[in-house]
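Visitor: The structure follows.
The values are calculated or read from the model by the stated rules, or taken from the named source; none is laboratory data. Model, not experiment: these values are computed from the prediction. Note that we place each Cβ from the backbone using ideal geometry, even for glycine, and neighbour counts take in every protein chain shown.
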Amino acid sequence: MNKPLHDALHRVTQRVIENSHASRSAYLDLIRREGDNMGERSAVSCSNLAHAYAGMEEDKPALVSARGANIGIVTSYNDMLSAHQPYGRYPDRLKIYAREIGATAQVAGGTPAMCDGVTQGEVGMELSLFSRDVIALSTAVALSHAMYDGALMLGICDKIVPGLLMGALRFGHLPAIFVPSGPMPSGIPNKEKQRVRQLYAEGKADRAELLASEMASYHSPGTCTFFGTANSNQMMMEMMGLHIPGSAFIQPGTKLRQALDREAVHRVAALGRKGEEYRPLGLCVDEKAIINAAVGLLATGGSTNHAIHLPAMARAAGVIFDWDDMSELSGAVPLIAQVYPNGSGDVNQFHAAGGMGYVVGELLGAGLAHGDILTVGRGDFSDYAREPGLDVEELVWRDVGPAGDDTMLRPVAAPFRPDGGMRLLQGNLGRACIKTSAVEEHRWTIEAPCRVFEDQQSVNAAFAAGELDRDVVVVVRFQGPRANGMPELHKLTPALGVVQDRGFKVALVTDGRMSGASGKVPAAIHCTPEALGGGPLARLRDGDIVRVCAVTGTLSTTADLSAREPAADPQPDRGTGRELFGMMRRFADGAEQGASAMLATGGL
């Protein structure tokens, strides 16, 4: 039996509901109006319908009869991104599953899906965050045809799931289910991968050794197996009830994966207006679902990218959620999972130890999650505390039981840490986030002279020259959304890790991002206001004393910033399509609001 809600969870939820009253009411009015305007295909002209039916061949009679649901598939398939490679064959299978119940399915449209792993340290990373807005816009284009009774969203990775959800929420009168394809099998141990990376950073391993190590880690179709943004996305979709229960971490190509995909098709058809359980996406994604997603992120030590994505996804549903809410929840939600980079095991080992079923059960049992959210499953949110399996060919759900590995999963009563490990920092350098779940506690406070850089290449050059072999706070500025699209700075991790391992005190402060791979070096990230336009980071100089303290929530300097002129704003770089995103950079809002030009200018 679930306990009453924890006081902090109740308090934050009520504050979010109150702060969201006007915007949520306006959103619900929108989707009711859209449901009336786009509710029935029969209202569409015959010429329009003929265009939509022309390519459907064997499904054409069923579409004309309009007896069953027509499901729109929004796919982010490409075979450059390993997690999305399995989606190539999904539409044909999903159409077969739809025919089994008298429904039809059409590929409504495709969205881009870039791989942050491929663009790390490259200029293409400056397109990454704004690709989320492009994905949301592409999703809106796909669903704009007034042809669909429900939607299946095919996406997994970093910006793709947030973008798909943000776009789909503008069509919140439709039911929608997110359909993952699952993680690749485990490769070499993550600690070994990290070891080779640091050896390469020190010049003790060559490029061939590094490439061999990386290819032994990232080796086949499926999601990368560390608990970065992609797998944090999957965790959050479970916590919001937008997956078929327990489907996040089932590997591609398995019979169980196919059974879950089949269930997704059958369920989305049942959730439309023509079914018996109308559950529009806009009602499923409410204040409580957003809180559940945040709780799951904290309980599992998930990606810091969601300090940006979660406020943006919430805002698309008319919900106002900010870093104060996240920080207060973090103080109440214990860390009950340790998955690399917070621990040594990967998501496959996490799933085998009990995975999301165990996490949901523990959180519900402790009053740390809302059990009354509206889900896409056949029952209520307690179904997500079970794990899927096959009984011969039939899809069933079973009790999870105790954790199978206490180095990866622990009960709320005996957690790895008493808090969720994502904290708000603030002071005269602005507001920032810090993820402490992978940082040793004696490193939670760093005070040292700073060294200021304006790109990560300069940091690595200084490291190679031995200039960082001292106590230092590395400041990397002009990396915010309006400056250059807020790239991830993951290439800094090996070098700064080496400096730390040499016995020096080191921290990172930046208005850029570090992602779910944020690791053992304390990092104040997403600093807002950003440096561009005269933010506090633009006034720092080499040698200024900077304090980063996760204990007191402090991000400050002893320097008198008011007495200085800010460093000149850099001119935006051109090439690799970056100039095409100038409008998005110009109109983007701050990191805490979601770092989105679309939300800032769209009246949301």
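Visitor: Residues to consider are Ala462, Ala432; find the one that is of a type in the set (Gly, Ala, Ser), touching a Leu at 6+ places or on another chain (Cβ under 8 Å) and touching a residue at least 60 places away in the same chain (Cβ under 8 Å).
Guide: Details: Ala462 fails: touching a residue at least 60 places away in the same chain (Cβ under 8 Å).
After ruling out the rest, the residue left standing is Ala432.
Visitor: Go through the range 16-59 and count every residue that is assigned to a helix (DSSP H, G or I), more than 26 Å from the chain's Cα centre (by Cα) and under 19 Å from Lys274 (Cα atoms).
Guide: 11
Visitor: Only one of (1) assigned to a loop (DSSP other than H, G, I, E, B); (2) surrounded by fewer than 18 Cβ atoms within 10 Å (Cβ to Cβ) fails for Ser562. Which number is that?
Guide: Result: Ser562 fails condition (1) only.
Visitor: Sticking with this one: In the range 159-203, how many residues are at pLDDT below 90 and of a type in the set (Phe, Trp, Tyr)?
Guide: Adding up the residues that qualify gives 1.
Visitor: So, in the range 184-203, exactly how many residues are part of a helix (DSSP H, G or I) and surrounded by 15 or more Cβ atoms within 10 Å (Cβ to Cβ)?
Guide: Going residue by residue through the range 184-203, those that are part of a helix (DSSP H, G or I) are 190-201.
Now drop any that are not surrounded by 15 or more Cβ atoms within 10 Å (Cβ to Cβ), which leaves 190, 193-194, 196-201.
Result for the range 184-203: 9.
Visitor: Does any residue in the range 1-13 that is modelled with pLDDT of 95 or more come within less than 6 Å, Cβ to Cβ, of a residue that is small (Gly, Ala, Ser) and assigned to a loop (DSSP other than H, G, I, E, B) six or more places away or on a different chain, and which pairs are these?
Guide: Taking only residues 6 or more apart or on different chains, the pairs are Leu5/Gly367; His6/Gly367.
Visitor: Every residue in the range 105-125 that is surrounded by fewer than 23 Cβ atoms within 10 Å (Cβ to Cβ) and in contact with a Pro (Cβ under 7 Å, 6 or more places away or on another chain), please.
Guide: Val107, the sole residue that qualifies.
Visitor: Just give me the residues in the range 496-512 being under 22 Å from Ile545 (Cβ atoms) and either surrounded by fewer than 24 Cβ atoms within 10 Å (Cβ to Cβ) or among the aliphatic types (A, V, I, L, M) (or both), in sequence order.
Guide: Leu496, Val499, Gln500, Arg502, Gly503, Phe504, Lys505, Val506, Ala507, Leu508, Val509
Visitor: I need every pair where a residue in the range 555-576 that is closer than 30 Å to Phe130 by Cα has its Cβ under 9 Å from the Cβ of a residue that is polar (S, T, N, Q) and assigned to a loop (DSSP other than H, G, I, E, B), sequence separation at least 6 or different chains.
Guide: Leu555/Asn428; Ser556/Asn428
Visitor: Right, something else. Scan (1) in the same structural domain as Lys274 (by TED's automatic domain parsing); (2) without any contact (Cβ under 8 Å) to a residue 24 or more places away in the chain for the single condition Asp133 breaks and write down its number.
Guide: (2)
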